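Worksheet: the structure to be examined is printed underneath.
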Amino acid sequence: MANPNICITKLPAVRTVSTSHVASNGCVHRARIREGEGGYILVALLALMTVLMLAMIAAAPSIQQQHQRELEREAIARGEEVAEAIRLYVEARGALPTSIEQLLEGAPIGIKKKQILRATAARDPLSRSGEWRLVRPNDAAFLEFKRAVILYAGGQPPQGRQLPALLRPFAAPVVNIVNLGTTASTAQPTSSDEGSSFNNTGPFIGVASRSRRESVINYYGIDHHDAWVFTPIFR
């Protein structure tokens, strides 16, 4: 039996939203937020890539110059090794070598042959061919190099180690330094950056690179590869 003191009020129906609908809206909302964030990230990545690309472009000349500098240092080290091999060869045989192969074969020391030149030093790292240009005692390149060295040393030939008797006349001072030209490359003007017309047989007193390019390093004040003469006369 119903209690007459209790008032029963009929509440209006409340519209409920399904959890699946809420979940669906929530997912869509979150997806939109993530989509917006992705756009900002893409813009930031593009900006970063642009900055890195500009930095690489700016650094490229410096990297290339450093690479050339390392090649030139290696060329000088190898060239001076060839020069020392020439000195040892002359000291042992009493004659100038006529080919790089003779230096590679070694020089007789007593009853044995001593290695005086490594195979790697017999290659020019500055030229595409890898072959050294042989410099004769009467080559203009040698006379020009002698002039450059004397000027670099203040007008006096630098004092090196004692030379074999055969090599001493080549160390004589240049009679007229002024009229021997400049320290630039002695090669004839050409569109090529490498010489290829030099004979590689016959007595030689030094070697030079076939590369005609301008150098990063100044060797005795000389700024072209083909004007660097590696000889035992000046070491």
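Hey, can you grab everything whose amide H is under 5 Å from the amide H of W132? Only 5+ residues off in sequence or another chain; H modelled, so Pro and N-termini drop out.
Amide H neighbours of W132: D124.
Largest first and in whole Å, give the semi-axes of segment 52-138's equivalent ellipsoid, each being the square root of 5 times a Cα gyration tensor eigenvalue. Could you put the intermediate results ahead of the total?
Numbers: eigenvalues 278, 31, 17 Å².
The equivalent ellipsoid of segment 52-138 has semi-axes of 37, 12, 9 Å.
Expressed as cubic angstrom per residue, what is the convex hull volume of the alpha carbon set of segment 108-149? Walk me through the intermediate numbers first.
Numbers: hull volume 5.5 nm³, N = 42.
So the per-residue hull volume is 131 Å³.
Starting from the amide H of L166, placed 1.01 Å from N in the peptide plane, find each other amide H under 5 Å away whose residue is 5 or more places distant or on another chain.
Those lying under 5 Å, H to H, from L166: there are none.
Bear in mind these aren't lab numbers, they're just calculated from the coordinates by the rules spelled out. No experiment lies behind these values; they were computed from the predicted model shown.
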